Amino acid sequence: MSQAAECELTCPCPPIGLIDIVGKKWAVCVVSLLGANGPARFGPIQRCLSGVSPATLTSTLRSLERARLIHRVSAESSRGPVKAYALTPSGRSLYDSIRPFADWLRAV
């Protein structure tokens, strides 16, 4: 008999792939940053998240894009249109879910 057949409980966890993405420190930080501030370019995101290397941030942004939690949007700057990162509706939902934890952490 397989182990799955022996289990009588239903796991309320989301798919493991999502946990692999949002379980990383910088992923939650990026989602929180974009949720609180709106669309942002790579440079400002990196400056706000002191300690993240450009390569790690690039990897994190790509993972979040693949998971459809963020997407690139056009934004205006003094030099013309540029690309910025913004939350998708799924990313906004995730942000709304983790925001109470962030508020709790600031209070303790």
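Any read-out appearing in this document is the output of simple, stated calculations on the displayed coordinates, not a laboratory observation. Note that the coordinates shown come from a computational prediction; the quantities given were computed from them, not determined experimentally. In this analysis, Cβ positions are derived from the backbone assuming ideal geometry, glycine residues included, and neighbour counts consider all displayed protein chains.
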Scan around residue 41 for amide H atoms under 5 Å from its own, H built in the peptide plane at 1.01 Å from N, and keep only partners 5 or more places away or cross-chain. 85
Using θ = phi - 60° and the Karplus relation 6.51 cos²θ - 1.76 cosθ + 1.60, list the HN-Hα couplings for the range 20-26 in order, rounded to whole Hz, with x at every Gly or Pro. 4, 7, 7, x, 8, 3, 6
Loop-located chymotrypsin sites (Phe, Trp or Tyr not before Pro) in the range 38-108 whose Cβ has at most 14 other Cβ within 10 Å (DSSP): none
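Per DSSP H run of at least 4 residues, take -39500 (n - 2.57); add these up for the chain, divide by its residues and hand me the 222 nm value, nearest 500 deg cm²/dmol. Write down the numbers at each step before the final one.
On the way: 6 runs with 63 residues, N = 108.
My calculation for the chain gives -17500 deg cm²/dmol from helical runs alone.
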So, R0 is 22 Å and r is the distance between the beta-carbons of residue 58 and residue 24; what FRET efficiency does that work out to, to 0.05? 0.95
Integer Hz, Karplus 6.51/-1.76/1.60 couplings in order for the range 93-99, x for Gly and Pro: 5, 4, 4, 4, 6, 8, 4
Candidate values (i) 8.5; (ii) 7.8; (iii) 9.6, label of the one derived for mean projected area of the Cα convex hull in nm²: (iii)
Once amide hydrogens are built 1.01 Å from N within the peptide plane, the residues lying 5 or more places from residue 88 or on another chain with amide H under 5 Å from its amide H are 70, 71
In sequence order, calculated HN-Hα J values of the range 33-38 (Karplus, 6.51, -1.76, 1.60; Hz; x Gly/Pro): 4, 5, x, 7, 10, x
